[in-house]
Amino acid sequence: MSESTAKSPAIPNGAAGLLGKFLARTGPLIVLIGLAVLLFAASPAFRNPSSWMLLGLEAAAIGVVAAGQTFVILTGGIDLSVEAMVSFSGVLAAILIAGTSKAGGQIAFGVPAAVAIGAALLVGAVIGLFQGVLITKFRMNPFIVTLGFRSMLLGVSLVWTRGAGININKDGFLSFLTDSIDIVGLKVPMPLVLVLIVYFILWWVLQQTKLGRYTYALGGNETAARLSGINVDRTKMVIYGISGFLAAIAGVLVMGRLQSGAYQNGTNMTLISVAAVVIGGTSLAGGKGGIWGTLIGVFIIRIVEAGLVYLDVPSNAKEIVIGAIIILAVMLDVVRSGEIPWLRRRAKTA
């Protein structure tokens, strides 16, 4: 028997392709389950269901931000203004509820939380739409536009608050949005319930509507999408409006939970949202990915952060871990795209 025939048979190309697709679809979920099992085994405190609910509460705001970021990245763009929008919308809603700002004193009569929140969400959507106008009608780079708005929105928040939070009192509506509800004996945070509702709606939009199909088409090939009759400019404007609106929702959730609108409320949410999107399987180049993978990516990041706390790792290590997660997420995206020459050569010779 020759040496070549003695070797183990190779996996057929069809089977390898199916395996690759299976891992691409389920890989993030497998990682999440594995991390949860490891933390469950290593930390008795994590075995308490209240710890799981706390994890869900902490994932809620960034989950909403990452959902909007998913739409933007699917088109091949990026929104660097989301963390500033979280801060700005929370500060705006808090000022309207309290009737005062740290900078200008009495600037309005306190309004009900529902009105203040509605105004903050509307402003968030309008600012997102305006960013889309600059990107499409003036052919400005999304990176520059959203980076500029990030600076402006954070600046306005800082001026209004002078670096100190604007404290508020909860009314019935705000309490409903931020408290817990009893589901089969578990106190499930309402923000987590709202996030799941948002994800179901966005999943339906991506799968069942023209906007969803156009979103994937823009990321796959914008020129081809334009030539096929898709109104590319309008689609992009709507998508950036969605991102601004969802970031404003996150700002309201954070403000309601802390009972304070503060300049720091959105810290690091841009980086974490992008990392969650990429970890969840959405390509930074656009056109590939999905909304549920993003939610899994959010929980992967949050469970890693929770693990550092439960295992008594110094808090300063959190920034190191987040930075490593972001780099690994981008590396994973590059590997998935097949753009590394030496990996392509190895695959061909295998």
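The values are calculated or read from the model by the stated rules, or taken from the named source; none is laboratory data. Since the structure is predicted, the reported quantities are computational estimates derived from the model, not experimental observations. Positions of Cβ are backbone-derived with ideal geometry, glycine not excepted, and every protein chain shown enters the neighbour counts. Note: areas computed on protein heavy atoms with side chains; ligands, DNA, RNA excluded. Shrake-Rupley method; radii C 1.70, N 1.55, O 1.52, S 1.80 Å.
Data overview
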| read-out | value |
| --- | --- |
| Residue in the range 140-155 that is closer than 18 Å to Leu258 by Cα and either of a type outside the set (Asp, Glu) or within 18 Å of the chain's Cα centre (by Cα) (or both) present | no |
| First in the range 298-314 and touching a residue at least 60 places away in the same chain (Cβ under 8 Å), second anywhere and open to solvent by 10 Å² or more (accessible area, probe 1.4 Å) and among the hydroxyl-bearing types (Ser, Thr, Tyr), Cβ under 9 Å, 6 or more apart | Ala306/Ser51; Tyr310/Ser51 |
| Residue match in the range 257-278 (condition: in a helix (DSSP H, G or I), more than 17 Å from the chain's Cα centre (by Cα) and of a type outside the set (Lys, Arg)) | yes |
| Unmet criterion (only one of (1) open to solvent by less than 10 Å² (accessible area, probe 1.4 Å); (2) touching a residue at least 24 places away in the same chain (Cβ under 8 Å)) for Ile97 | (1) |
| Subset of the range 174-186 (residues that are modelled with pLDDT under 90 and under 13 Å from Gly56 (Cα atoms)) | Leu186 |
| Set Gly266, Gly290: member being under 23 Å from Leu196 (Cα atoms), out of contact with any His (no Cβ under 7 Å at 6 or more places or on another chain), surrounded by fewer than 22 Cβ atoms within 10 Å (Cβ to Cβ) and among the small types (Gly, Ala, Ser) | Gly290 |
| Evaluation of Ala164 against (1) closer than 23 Å to Leu253 by Cβ; (2) open to solvent by less than 70 Å² (accessible area, probe 1.4 Å); (3) at pLDDT 95 or above (one fails), failing number | (3) |
| Residue count for the range 325-349, restricted to those that are modelled with pLDDT of 80 or more and either outside any helix (DSSP H, G or I) or surrounded by fewer than 13 Cβ atoms within 10 Å (Cβ to Cβ) (or both) | 2 |
| Qualifying residue in the range 64-75 (condition: more than 12 Å from the chain's Cα centre (by Cα) and either open to solvent by 40 Å² or more (accessible area, probe 1.4 Å) or touching a residue at least 60 places away in the same chain (Cβ under 8 Å) (or both)) | yes |
| Qualifying positions in the range 136-161 - among the polar types (S, T, N, Q) and open to solvent by 30 Å² or more (accessible area, probe 1.4 Å) | Asn141, Ser151 |
| Hey, Ala61 touching a Lys or Arg at 6+ places or on another chain (Cβ under 7 Å) and at pLDDT 90 or above or not | no |
| Residue check, Ala324 out of contact with any helix residue (DSSP H, G or I) (no Cβ under 9 Å at 6 or more places or on another chain) and closer than 24 Å to Leu38 by Cβ | yes |
